[in-house]
Amino acid sequence: MRNNVWKKGLVISIIILFVGASGISCIGAKNILKSESITGDLSIQPLFQGESYFIMLSKYMDGGGQDYNEWSVQLRFDSELEIVEAEWDGVSLPLIVDQWVEIKVNIDLDTDWMEIYYDGDLLIEKEWTAGVNNDFNGELDIAAVDLFANHASNVYYDDLSLEEIGSGIVWSENFDSYADGSSMHGQGGWKGWDNHEEFTAYVTSNKSRSSPHSVDVLEDTDLVHEYSGYTSGEYIYTAWIYIPENNPPDRPRIYGPTTGAVDTEYVYTFIVDDYEGDDIWIYIDWDDGNPDEWIGPFVSGTETYKGHTWSEAGEYEIRAKAKDTSDLESDWSKLYTVLISNPPGAPIIDGPESGKPEVELCWTFHSTDPDDDNVSYYIDWGDDNVMDWDGPYPSCTPVLECHTYEQEKDYTIIAKAQDINGLNSTEATLTITIPRNKPFNFNFNLLDWFLEHFPLLERLLILIRVI
């Protein structure tokens, strides 16, 4: 069943080998001819990759797992075997690619019977309550539909509907009202398996059957829609599926700085995977009116680097899309938000330029930020002591910081400011002199001191000089 996604069961392998070896006409022969008339040579494997699933359940509960949920319909689309299979029943039809194909399930809850059609051909009929593994644990209820990618490449669905015979359409979904690229989680009752957002899908305009949108099921998508109250009567469940012969590239993934300064170039990394390994081109919208349009080609899966400079402060949402050599375009990437601002000005340092050892000195530091952002301060006191980003404080607000020097020498204070976006100012410096204590100076002229204080001594010296 859905949680036990086994490939290529023994029964279907035997059937395929038998049909290929004998050439005897069987239920699949007519379908192979019909498919060939549409898709061409089936020996050419379609470029769809992996196994994707269309599933209906007669019991469903978020988190119920194997103990509560019960699968009634499980169609497996297999790119390797090129078949659509009613899994666990060992019956299949050839896979049809590169066109919209109808899946139709006729359900009679009053007689407990269903018929599953693929492109108008009967695939299987059996009891609705039998379950996909025929253990008859199902219920006479239409509980949910599950579009499960199982890590496969792109498969598109459109125009899903549930019709009650005699009452008309009781539910339908054509995705036309949703924005291109929007998540399905919470829209129209759709959600991920176990209500997990990680497993939801996105709306796309790449392969629309109706105008303008369809839902893109790929990679880890597991999209669920629950129903209730459908426990008796006859119903027709219809879904249209498109399996592309060539898949568009995945949405680009973006990595790089999330903050930056005006007029400064920042480099971003873009990674795009293409299932067929085609070379890809990338369109980058920097959200400032200066996009990079279809740069490339680049090798699928490799890192592509592109720099950009914003000339004005603001919040920007980078997005990108890719196209391959067949001009098939991916969806837009997730938005990558970057905040561009102006760095704060260099701090102004006010305070003493000299002092004494082991005596605390205090200074004020203040920086003005052009965007009026709060700022923090880094101070190197010049004696192997550092104050590491104290703050933040309002722009242009004096901040008092004190320090004590232990030795007599000159020191250089180095200060920087940083705004709340991580942008640093240039450095400001102030030299501080911590001199030695001045001893008594014995280098004055002792004779002059005596002459000044004893005038008679000067006369005596003159007399001695005359004699």
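Each reported figure results from applying straightforward, stated rules to the coordinates on display, with no laboratory input. The model shown is predicted, which means the values in this text are computed figures rather than measured ones. With ideal geometry, Cβ positions are generated from the backbone for all residues, glycine too; neighbour counts draw on all protein chains shown.
Some values worked out for this structure:
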read-out	value
Set of aspartates and glutamates with alpha-carbon distance to Lys416 below 18 Å, sequence-local pairs under 8 removed	Asp350, Asp369, Asp371, Asp372, Asp373, Asp380, Asp383, Asp384, Asp388, Asp390, Glu401, Glu427
Net length gained if the chain between Asn137 and Ala313 were fully extended (0.36 nm per residue, minus Cα distance)	57.2 nm
Above-threshold pairs, the threshold being 25 Å between Cα atoms, out of Lys126/Lys207; Lys207/Lys306; Lys126/Lys191; Lys191/Lys334	Lys126/Lys207; Lys207/Lys306; Lys126/Lys191
In nm, spacing of pseudo-spin labels at Ser228 and Val267 (7 Å Cα→C-beta vector)	5.6 nm
Sorted by Cβ neighbour density within 10 Å, fewest at the top, the residues Glu293, Glu139	Glu293, Glu139
FRET efficiency, Glu427 to His151 (Cβ-Cβ, R0 51 Å, nearest 0.05)	0.45
Using a Förster distance of 41 Å, the FRET efficiency for Ile169-Arg253 (Cβ separation, nearest 0.05)	0.55
Spacing of the two label points (7 Å from each Cα toward its C-beta) at Ile414 and Asp176, in nm	6.7 nm
Angstrom value of the Kirkwood radius, inverse mean 1/r, which spans all Cα pairs in the stretch 207-348	18.0 Å
Zone residues, the stretch 314-358, relative to Asp279, backbone N less than 16 Å from point 7 Å out along Cα-to-Cβ	323-328
FRET efficiency estimate (nearest 0.05) - Cβ-Cβ, Glu198 to Met387, R0 60 angstrom	0.90
